[in-house]
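Engineer: Below is the structure I would like to discuss, written out as structure tokens.
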Amino acid sequence: MKSLLWIILFLLGLAGVFIPLTYLYTASKLPPLDSEFDVEKQLKHSIEGERMSLRAGQYQKNPRPITFTRPDFSRLPKDLVALYIRHMGCPRYFQTPREHGPAWAWRLFAGVTVGAKPQGDGACERILAMRIAHALGIYDNLRQSVAAHRLHSFMQKDQLIAYDLSAIYFERGIVGVEDAAHTLFGRELSELQLSELAELQLALPPFGYYEDLKVCRNPTVIRQNRDMLLEDLAGWKLVGEDRARNAIAQPVFCTR
């Protein structure tokens with residue numbers, strides 16, 4: 001019994017040395033992630049380059065600017081945010097405190113070592129931070145987890161959503177929900193109606209209907225799924241029932 005106890009204590013001590021060293025080594029291999037400015041600078045470089053690569057081969061002038069501006073949560077339609085957090089599995093995302101300390105550390109550690117996914121809204125904070133890390137060109141699980149921890153240390157809940165939605169890749173030259181809104185609906189994101197925002201949500205994770213929406217493939221299926229999202233949103237009291245019914249009554253955008 002005493003031998004087993006000594007083995008356990010030895011392993012705990014080893015982990016206490018190995019884990020911090022692994023974290024520090026991995027963090028040293030990442031791009032600068034000390035502030036929002038670092039994230040904005042890197043996304044600006046990659047996204048503007050991506051947009052420019054598309055414009056270079058176009059004869060007709062594209063009205064969308066190539067400039068990447070700092071993501072601002074206040075510019076996002078509240079209905080789109082409600083749809084997005086609901087379908088990440090965290091409809092009460094803004095009603096719970098930001099996760100930190102041992103609970104956050106355990107969430108990241110469990111995700112790297114055993115692939116566990118502890119419940120709670122902290123799961124969505126991790127998903128968002130990992131997606132932003134991916135948009136920064138950080139791909140493997142360990143490096144993404146370390147990057148997610150760095151991002152989470154200075155980004156609030158609203159910033160995580162704003163940066164994630166601004167950096168989602170749809171196709172060549174189309175990055176972020178504002179680009180997607182203009183491509184799919186021909187209007188600015190702020191001008192979309194609830195029914196159109198529900199269709200836009202189908203283009204976002206976890207659905208991935210962007211190409212179907214763009215070419216109007218299977219509009220009956222698109223409408224069924226859109227209406228399901230709207231009914232679900234009303235069921236969670238994230239929009240009023242009357243607004244949801246009015247949106248459900250609208251035809252799919254590409255069939256108008």
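The values are calculated or read from the model by the stated rules, or taken from the named source; none is laboratory data. Predicted model only: the values in this text are computed from it and were never measured. So basically every Cβ, Gly included, is an ideal-geometry build from the backbone, and we count neighbours across all protein chains shown. Note: areas computed on protein heavy atoms with side chains; ligands, DNA, RNA excluded. Shrake-Rupley method; radii C 1.70, N 1.55, O 1.52, S 1.80 Å.
Engineer: Looking at Pro251, Pro206 in this structure, which one is assigned to a loop (DSSP other than H, G, I, E, B), open to solvent by 40 Å² or more (accessible area, probe 1.4 Å) and either within 23 Å of Ser74 (Cβ to Cβ) or at pLDDT 95 or above (or both)?
Structural biologist: Being assigned to a loop (DSSP other than H, G, I, E, B), open to solvent by 40 Å² or more (accessible area, probe 1.4 Å) and either within 23 Å of Ser74 (Cβ to Cβ) or at pLDDT 95 or above (or both) holds for just one of Pro251, Pro206, which is Pro251.
Engineer: Please specify each residue of the stretch 141-169 satisfying the condition of being surrounded by fewer than 20 Cβ atoms within 10 Å (Cβ to Cβ) and among the aromatic types (Phe, Trp, Tyr).
Structural biologist: Residues satisfying the conditions are Phe154, Tyr169.
Engineer: Considering every residue within the stretch 101-123, establish whether at least one is among the aliphatic types (A, V, I, L, M), open to solvent by less than 10 Å² (accessible area, probe 1.4 Å), under 18 Å from Thr26 (Cα atoms) and touching an Asp or Glu at 6+ places or on another chain (Cβ under 8 Å).
Structural biologist: Within the stretch 101-123, none of the residues are among the aliphatic types (A, V, I, L, M), open to solvent by less than 10 Å² (accessible area, probe 1.4 Å), under 18 Å from Thr26 (Cα atoms) and touching an Asp or Glu at 6+ places or on another chain (Cβ under 8 Å).
Engineer: Find the residue count for the stretch 209-240, including only residues that are in a helix (DSSP H, G or I) and of a type in the set (Phe, Trp, Tyr).
Structural biologist: The total comes to 1.
Engineer: Also, I was wondering about something else. Select, from Arg243, Arg187, the only residue that is part of a loop (DSSP other than H, G, I, E, B) and either more than 30 Å from Thr26 (Cα to Cα) or not β-branched (Val, Ile, Thr) (or both).
Structural biologist: Testing whether each residue is part of a loop (DSSP other than H, G, I, E, B) and either more than 30 Å from Thr26 (Cα to Cα) or not β-branched (Val, Ile, Thr) (or both) leaves just Arg187.
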